[in-house]
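Q: So that we are looking at the same thing, I have put the structure below in structure tokens.
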Amino acid sequence: MPGEPPGSSDPLDPAGLVGRAAEAAAIRRMLDGARLVTVTGLPGVGKTAVSLAAARAAAAGFAEGSLLLRLDTLRDESLLPHSIAAALRLPDQYTRSRLDVLVDQLRDRHLLLILDTCEHLLGACAALVAALLPPCPKMQVLATSREPLRVPGEATVAVRPLRLADAVELFGRRAVQAGAELAPQNRAAVASICVQLDKLPLAIELAAAELARLGRDRPPAAALAKLLARLEAGHAGLDGTGPGSTGPGSTRGDGTGPGATRADATRAGDPDSGEPGRHRTLRAAIGWSHELCTPSERLLWARLSVFTGPFGLRDATDVCVGDGLPAEAVAAGLCLLAERSVLLADRLADGGARFVLPVTLRAYGGQMLRRLGQDEEFTARHKRWQDDRRPHQGTPAGK
């Protein structure tokens, strides 16, 4: 598996990255005090781009710089030590394990190792990092993953969706680059589109390209209205693929994903989302998360798609329990989906939490619910739940 320093020639060079200076600075500060920093966030939020920006800023502090290892095409977790050894160009030593060789070679090296896309190899990455860091005191690791590695001493940085102003700026830049024309009076429509896309860089990249296509035979305002109408109708993926079509171990129709060539993945990447080729479509990125979930978590995700706003544990239990999903599975599933960067969670002062299923992931969950034939039942349940809450709107619910 190839590895390279994340220099200016990198295909995911985040030059001109929009709205991520604070996140990159936070990661950089974490690297000053932690041996392992893991960057987490929603599908398509731009974890890779932000991490590479931080790595470039930090690289001067490492005598041997940094080494980027993309793991999205690696299927066999047992090959992880071999992949790092190959990236370091270490010779084969058939009488010793690759891990032992790595420890010997890295013991005195002052290096930042960047492991990009760890979520489908979570256990293997955690075990490797836990084995390398104690005997290699000068080495640090920067990882990107949908969820933490859970290694002692790990520091995590959660990358959230863009601020609305930054999302609008990114959309405008990419639309112009794609050949679309935008005027100041279009700003409100662009803002509405960005909200529908959860202010996710990957989704905004795709929407800007779609706007350019729609604008070939209609005025900019009409093209924006057409795009917004499609998004409001639930076509948030912009690519026509559906749940279950993508995930770790699959080769996608766009020539990316595990099993595709690295050249394919490089060609399909985009800088602001920071997502390699496996995530060239938003549904591919979300599908990757879907495949990493357990059956119980997938079922909960589907049923939670009926919520259009924040909800708590009690709310989710009232609506989602039953037919293969007991209350304890809902409670555990909410925590796990938040850890897997499917749900956004805000902790409350009383120790509870409020959750949000972002619009794009809700649209995906809605498709799953329809495929299960449960959409009418749980939409009706949600409506009854809303009706029951109306007399008590003045009191908090769902704790």
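The values are calculated or read from the model by the stated rules, or taken from the named source; none is laboratory data. Worth saying up front: this structure is predicted, and the values here are computed from it rather than measured. For neighbour counting, all protein chains shown are included, and Cβ atoms are generated from backbone atoms with ideal geometry for every residue, glycine included. Just the protein is used for accessible areas: all its heavy atoms, side chains included, with ligands, DNA and RNA removed. Shrake-Rupley method; radii C 1.70, N 1.55, O 1.52, S 1.80 Å.
Q: If R₀ is 41 angstrom, what is the calculated FRET efficiency for the pair residue 387 and residue 163, using the beta carbon separation as r and rounding to 0.05?
A: E(calc), rounded to 0.05, equals 0.70.
Q: Another question, then. Taking a 1.4 Å probe, which of 382, 110, 120 shows the most accessible area, and what order do the others take after it?
A: 110, 120, 382
Q: Once a ≥ b ≥ c are taken as the square roots of the eigenvalues of the Cα gyration tensor of region 74-129, is the result rounded (a/c under 1.5), prolate (a/b larger than b/c) or oblate (a/b not larger than b/c)?
A: oblate
Q: Right, here's the next one. Once you place label points 7 Å from the Cα toward the Cβ at residue 97 and residue 218, how far apart are they in nm?
A: Between residue 97 and residue 218, the simple spin-label model gives 6.0 nm.
Q: Suppose all protein chains stay in the model; what accessible area per residue would a 1.4 Å probe give for region 293-389, in Å²?
A: 45
Q: Ranked highest first by the average count of other Cβ atoms within 10 Å around their residues, in what order do 175-187, 151-163 fall?
A: Ranked by mean Cβ neighbours within 10 Å, highest first: 151-163, 175-187.
Q: Report in % the part of the accessible area of region 17-62 that belongs to carbon and sulfur, leaving out ligands and nucleic acids; probe 1.4 Å.
A: Heavy-atom surface of region 17-62 belonging to carbon and sulfur, 1.4 Å probe: 59 percent.
Q: Sticking with this one: What nm value, rounded to one decimal, do you get for the distance between residue 75 and residue 177 when each label is placed 7 Å out toward the C-beta?
A: 3.2
Q: Subtracting the Cα-Cα distance from 0.36 nm times the residue separation, let me have the gained length for residue 138 to residue 323 in nm, one decimal.
A: Taking 0.36 nm per residue and subtracting the Cα distance, the gain is 61.4 nm.
Q: Excluding residue 133 itself, calculate the net charge of residues whose Cβ lies under 13 Å from the Cβ of residue 133, where each Lys or Arg counts +1 and each Asp or Glu counts -1.
A: +3
Q: Can you pull the accessible area of residue 299 for me, 1.4 Å probe, Å² to the nearest 10?
A: 30
Q: Classify region 30-100: rounded, prolate or oblate, from the alpha-carbon gyration tensor (a ≥ b ≥ c, eigenvalue square roots; a/c under 1.5 rounded; otherwise prolate if a/b is larger than b/c)?
A: Since a/c reaches 1.5 but b/c is at least a/b, the shape of region 30-100 is classed as oblate.
Q: Using a 1.4 Å probe and ignoring any ligands, DNA or RNA, find the accessible area of residue 199 and quote it in Å² to the nearest 10.
A: 60
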